[in-house]
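This report refers to the structure that appears directly beneath it.
The values are calculated or read from the model by the stated rules, or taken from the named source; none is laboratory data. Fair warning: this is a prediction, and the values are worked out from it, not measured in the lab. Cβ placement follows ideal geometry from the backbone for every residue including glycine, while neighbour counts extend to all protein chains displayed.
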Amino acid sequence: MDREVLEFIIVPPFDRRHEITNSKERMEHYLGNRFPGYSFKLVAFATVGDEDDFRVLPVMNFIDGEGVSRMCSEPKRWMMVEIAQACHEFDANGRRSCAA
């Protein structure tokens, strides 16, 4: 049973974690508007990847109608790149209207 990933966890660069997490709700809303049909959760820190870039982590599992844990299909690379690019474009200070 293949199902597309619909949820992503976003980890900001270490040096921007406070700036980004202070705008957590705005950023999650911004990403949801940029990618309709998908949801995003921002976390301040995760022990994955390096500390210099946004990390986009797909939530790969789900519980089916019978209560069995299943795996989603791996998201396309272009989708992960576009999400990371949108994270870079987000204005945490709210100066650009497209960030709200």
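Taken over segment 61-77, the residue count meeting the criterion of being modelled with pLDDT of 90 or more and touching a Ser or Thr at 6+ places or on another chain (Cβ under 9 Å) is 0. Restricting the first member to segment 68-86 and to residues that are touching a residue at least 60 places away in the same chain (Cβ under 8 Å), and the second to residues that are assigned to a loop (DSSP other than H, G, I, E, B) and surrounded by 12 or more Cβ atoms within 10 Å (Cβ to Cβ), the beta-carbon pairs closer than 6 Å and six or more apart or on different chains are CYS72/ARG3; CYS72/VAL5; CYS72/MET60; PRO75/VAL5.
Here the strands (runs of 3 or more DSSP E) wholly within segment 1-86 that include at least 1 residues being under 15 Å from the mean Cα position of the chain (by Cα) and basic (Lys, Arg) are 39-42, 55-58.
Of all the listed residues (ARG95, ARG17, ARG26), the sole one being at pLDDT below 90 and surrounded by 13 or more Cβ atoms within 10 Å (Cβ to Cβ) is ARG17. Among all positions in segment 37-50, there is at least one residue which is among the aromatic types (Phe, Trp, Tyr), in contact with a helix residue (DSSP H, G or I) (Cβ under 7 Å, 6 or more places away or on another chain) and at pLDDT below 90. The residue of segment 51-60 that is modelled with the lowest pLDDT, among those that are surrounded by fewer than 17 Cβ atoms within 10 Å (Cβ to Cβ) and not hydrophobic (A, V, I, L, M, F, W, C), is GLU51.
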